[in-house]
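**Q** Take this structure first; my questions come after.
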C-alpha cells in the first residue's frame, strides 16, 4: 500500500504541474456547437475570432449520438457551448458537461447557451407519457427551421460572444448587425418565394418540421414514424399507403440523416414524390451555410409544385 | 437586474437608518452616492439599448406588412407563437411547485430472466481461480426476477451532484450498488468522485449491468473483479487539454471487495491508477484505449473447499494482489449515425499477480485429521475476452463473445514443501476456461430491450454448461445518458 501511495504522489504532482502549464491559449474563442446550425451561426457572428466545431453533423441524429472521447476532449477545451436544449441532447450532453471538468461551460454559466430557451416553442405536450413515443416535455426542440428564430438566437449569441471575448466585442457587434441586415433581406426573399407553398400537405419522417410548417403554413398530414422516435414499421407504412391512396399528400419529406427506404417505399406505392431536405447546414451540397440551408430547402419543396 | 435593484434599495435603507447613518462618514457617503449614480447610468444605458432594439423590431414588422402575402404568413406565425406561448404558460403553471420541484430524478430498471442451464448452478465453479464469492454464477434455473435498480440523482448545489443506485435483489435484500457525490464545478479538466462507485478498472467494470451487451459479465471480470468491483473511496480524474482525448485518474479505496477484503484498518486498502486515450477516425469511427493498475491487500480472504480426504476445509489468503488491465473499445456507424446500422468491438485483457500467505484451515472442519497450516502463495493468472455487437437493422442487434482464462501458475508453499498435495486444492487445478456466447436482442425503443442469449460455458473443468437466457431489461422514468 505504501508503495502505491508513493507512486500516486509523483503522479498527482505531475498532474497539477501539467494543469498549470496548460492554460488555455489566448488566440481564438473555442466554441463547441451541439448542432451544425449553431456552429454555422457562430461562424457568421464571430468570423475568424472563434474556432468552431460541431458535435454532430447533418448526417447524424442529434438525439442519438454518444458522449464519445473526442467530444469530451473538445468540451474540456471549449469557452462556449451552444446547444438546442429542450432535452434534444439529453442522451449525451449532460455526460459531456460532467466529464469535461470545465466549469466555464456548465449550465447557468456564460459559456453555456441553450438556444431553444430563447424562442417560443411549439408542440409542448399536454400529457407526458412514454407510450406516446420520444416526446420532449419542453416542446419541439427543432427550432432552427424558422429563420425568425435564428434571428432571435443571433441577437443573444452576438452579445454572448462579446461578453466572453471583450477584446473583440466590437467585431462581434459589427458582424451581428451586418448578419441581421442580410438575414432580414433573406427572410423577405424567402417568404415571397415560398408563398405558393402555403397549405402544401406533407408526410414527414420525424416530427422535426414544426417550425418550418408554422413559418410557411405547410400542413403535416402524417409521419413515417408511428410515434416520435420509433422507427417506421411495416404495419404503420401499410396503413399510411392506404391513407395516402384515399387522400394523397402533395409530398413525402425526409431529412438528410434519415434512411430514405421508408420514404421511397411509400413514394413508389402512392406515386407521391419523396423529397430529401438538408435539415441543417451540411445536409446537402448547397446548404453550405445558413443562407444556403433555407435556399436549398425552399428550392427542393418548390420543385415539387412544378 | 432585480438583484441590483434590491441592492440599491438596501443601500438606500441603510443610508436612511439613523443607527447606520451615524457610523457613515462623509467620504463613505460620497462613495455610496457615486455608486448609486453609476447604477442609475447603467440602467439608463440598458433601457436605451432595449428601446433601440424595439424600434428595429417595429421597423421590421412595418416592412413585413407592406406585402399582403407576407403579412398573412406573419399572422399565421404570430398565431402559432400565441398558441405556443399559451401552451408554455399552461405547462409552466402545471409544473410541480414548492419543495417537490427539487426532488431528484428517479429511474427504475426492471430486469427479468428465463434461464435454461444444462449444469446445476449450485455446483458452478471457475476452475483454476480463487472463488470470489460474488454474483459470478449463472443464476437460477427457470423464471426469475433479476436485479432491479432504483436510481436517484440530482445536482446538490453548484459544486456537487449526488447519485444513489440501489440494487433490489430478487431474494428481497437491498444493496447499495453505487452511492457517490461528484464534482460538477471544477475547472482545468479535473473531476472528483467520492463514495461507493464502480472502479475505473478496465472498460466494462464501470458500466451498469443493464447497459451490458450480454446477460452476464465476461469470465475475466468474474474471476478477477468478483463480477464487478465497486469500492468505497475517492476518485480523481483529469482530462488533458489536448485534441486527442487523454484522461488520467487515480482511486484510493477501502478495498472492501474482491480481490481485496474488508478489514479493520485506518487509511486506504486499495488503489487504482488508470489512463484513457481516445478519439475519432473520420466521422464514422470512435475509439478508446485504456490501461489500469489495481493494487490491494487481502486479509483473511477465504473460501470453502473439499480436500483430498473429503474434509470440508476453509482456505484463506493474506497478501498483496496486483492487477494490470488493458482495454479497448471501437464503435462504428455509417457517418456516425448509429440509428440504422452500427458495430461495437470491445475487448479486455487482465493479468493478476498475488503474493502472500495461504492458510489451510481445519479449525471448524468436522472430523479433520490434519492441522491448520500456513505457507506462501505466489500466483500469476490472466484472462481476456473479445466481443462484437452488430445492429443489422433498426431495433435488432446480434453479438458474439469469446472468453478465455488462463489459470497460469499458482505456487503453494504447502504443496512445494510436501506438507499437502495438489489434490488437496482441487480449485487450483490447471484449467484454461473458455466460453462462446451468441446473443440477439430486440429494442422496441431506447427504454426497452428483449434479449436471447446462448452460451457454451467451459468454466468448470470437465463440464460444459449449455446456457440459454431470455431476458427483458426495461428502463422507467428519467433515464440518464450512458457512458461511451
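Taken together, the values in this text are just the output of simple stated rules run on the coordinates, not laboratory data. All values derive from a computational prediction rather than experimental measurement. Note that we place each Cβ from the backbone using ideal geometry, even for glycine, and neighbour counts take in every protein chain shown.
**Q** Sort largest first and round to whole Å: the equivalent ellipsoid semi-axes of segment A:27-189, each the square root of five times a Cα gyration tensor eigenvalue.
**A** Each semi-axis is the square root of five times an eigenvalue, giving 25, 21, 13 Å.
**Q** Hey, what's the Kirkwood Rh for the protein assembly as shown if you take every pair of different alpha carbons, in angstrom?
**A** 30.1 Å
**Q** Taking the Kirkwood radius as the inverse of the mean 1/r across Cα pairs, report the Rg/Rh of segment A:210-259.
**A** 0.97
**Q** Sticking with this one: Quick check on segment A:215-304: take the gyration tensor over C-alpha atoms, sort the square-rooted eigenvalues as a ≥ b ≥ c, and tell me if it's rounded (a/c under 1.5), prolate or oblate.
**A** prolate
**Q** Place a point 7 Å from Cα of residue B:398 in the direction of its Cβ. Which residues in segment B:435-466 have their backbone N less than 14 Å from it?
**A** Label zone hits: B:438-442, B:452-454.
**Q** Compactness ratio of segment B:427-484: Cα Rg over 2.2 N^0.38 Å, N = residue count? Let's see the in-between values first.
**A** On the way: Rg = 16.5 Å, N = 58, 2.2 N^0.38 = 10.3 Å.
The value comes to 1.61.
**Q** Right, next: I want to verify the translational diffusion coefficient of segment B:334-435 in µm²/s; compute it with Stokes-Einstein, Rh as the Kirkwood radius over Cα pairs, at 25 °C and 0.890 mPa s.
**A** 141 µm²/s
**Q** Another question, then. Given axes a ≥ b ≥ c from the Cα gyration tensor, I'd like to know whether segment B:200-348 is rounded (a/c under 1.5), prolate (a/b larger than b/c) or oblate.
**A** Taking the square roots of the gyration eigenvalues as a ≥ b ≥ c, segment B:200-348 is oblate.
**Q** What angle do you read, to the nearest 10 degrees and between 0 and 90, between the alpha-carbon axis of helix A:147-164 and the longest principal axis of chain A?
**A** Once rounded, the angle reads 10 degrees.
**Q** Return the whole-Å distance between the Cα centroid of segment B:436-484 and the Cα centroid of segment B:207-238.
**A** 16 Å
**Q** Dividing the alpha-carbon Rg of segment B:160-199 by 2.2 N^0.38 Å yields what?
**A** Against the empirical 2.2 N^0.38 Å value, I get 1.48 for segment B:160-199.
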